[in-house]
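Presented below is the structure to which this report refers.
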Amino acid sequence: MKLRGNRQPERLDPNTTDTLIGEGSVFEGKIKSEAGVRVEGQITGDIECEGDVTVGEKGMVHSNILARNIIIAGEVHGNVQAKSKLSITSKGKLYGNIVAAALSIEEGSIFEGTSKMSGGASGSKTIAPGMKETAATSEAADAGKKRPDQDGDNVYKTW
């Protein structure tokens, strides 16, 4: 970024897509971006983004992803954290854990992992009927967690 005089560098708009890993491209390494990132090719390495991250239908990602909003239409192997909303489209595949304020998983998608809702503004969770999931909303996601006994004796039991 060029600076002239005492001017501060201009901050990129997180609502724009500034970085594109195009179809047929392979990228290895960490990406940090103030604007949005779109992946149509392959990437191995973490993605940290102030804006939105979109993994297109042909995108293949082996990364942990941290972004404002995340849309998965391709395949992701890694943990994802959306400050606002995570959406997995009907063709999307996520093999990893989720932390998000809002979650939308369409019918036909694949999600293998656990999900945790962070205290976002909406706190909503949408899971379409018939979707393929292994642990997102099932009791298996709670295996090994402890909770107070229901009869009030303050004994924690594994459930």
Q: Say whether the condition of being of a type in the set (A, V, I, L, M, F, W, C), assigned to a loop (DSSP other than H, G, I, E, B) and over 8 Å from the mean Cα position of the chain (by Cα) is met by at least one residue in region 64-76.
A: yes
Q) Does Asn6 satisfy the criteria of being at pLDDT below 95 and not β-branched (Val, Ile, Thr)? A) yes
(Q) Looking at region 35-46 only, could you name the residues that are buried (at least 16 other Cβ atoms within 10 Å of the Cβ) and farther than 14 Å from Glu75 by Cβ? (A) Ala35, Gly36, Val37, Arg38, Asp46
Q: Take the residues in region 88-142 that are modelled with pLDDT of 90 or more and among the β-branched types (Val, Ile, Thr), then tell me which one is surrounded by the most Cβ atoms within 10 Å (Cβ to Cβ).
A: Ile88
Q | Residue within region 25-35 that is over 26 Å from Ser104 (Cβ atoms), acidic (Asp, Glu) and at pLDDT 90 or above present | A | yes
Q. Do we find that Val76 is buried (at least 18 other Cβ atoms within 10 Å of the Cβ), of a type outside the set (D, E, K, R) and either at pLDDT 95 or above or under 20 Å from Gly29 (Cα atoms) (or both) in this structure?
A. yes
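The values are calculated or read from the model by the stated rules, or taken from the named source; none is laboratory data. Computed from a predicted structure; not experimentally measured. Neighbour counts run over all protein chains shown; Cβ positions are idealised from the backbone, glycine included.
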